[in-house]
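Every read-out reported here was derived from the displayed coordinates using simple, explicitly stated rules and does not represent laboratory data. The model shown is predicted, which means the values in this text are computed figures rather than measured ones. Heads up, the Cβs are rebuilt from the backbone with ideal geometry, glycines too, and the neighbour counts pull from every protein chain shown.
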């Protein structure tokens, strides 16, 4: 289970600049009030993109993390909390890196 606290940011970065940026979404639950949330966006090549940044009072549990490869070739995706790598995975064109039910997969 991934848990983010008030000093954590969930980040996405690619290994190289792709022909088209990867698309992501993160669904999460807030442990303070059990509310649900969703963030979406796109990668920025080799620059870290914050997918989920927390207010100072929350603990958040990402439920689903999805990164879709919209590029014409394979991309290398890194997901991390702050500077700690959670996963580094190659994803083929049209594929998706998926975290769901505590498991990472490429579909």
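Things to note:
- Residue exposure sequence - 88, 80 - by fewest surrounding Cβ within 10 Å: 88, 80
- Residue 20-residue 104 FRET efficiency (beta carbon distance; Förster radius 25 Å; 0.05 resolution): 0.65
- Ranked 68, 25, criterion: other C-beta atoms within 10 Å, fewest first: 25, 68
- Relative to the current alpha-carbon distance between residue 34 and residue 93, full extension at 0.36 nm per residue lengthens the span by 17.7 nm.
- Stretched out straight at 0.36 nm per residue, the stretch from residue 61 to residue 85 would grow longer than its current Cα-Cα span by 6.9 nm.
- Exposure proxy for 75, 65: other Cβ atoms within 10 Å of each Cβ, ordered fewest to most, give 65, 75.
- Relative contact order (%) - criterion: Cα under 8 Å, at least six apart; region: the chain: 32
- Residue 1-residue 72 FRET efficiency (beta carbon distance; Förster radius 41 Å; 0.05 resolution): 0.75
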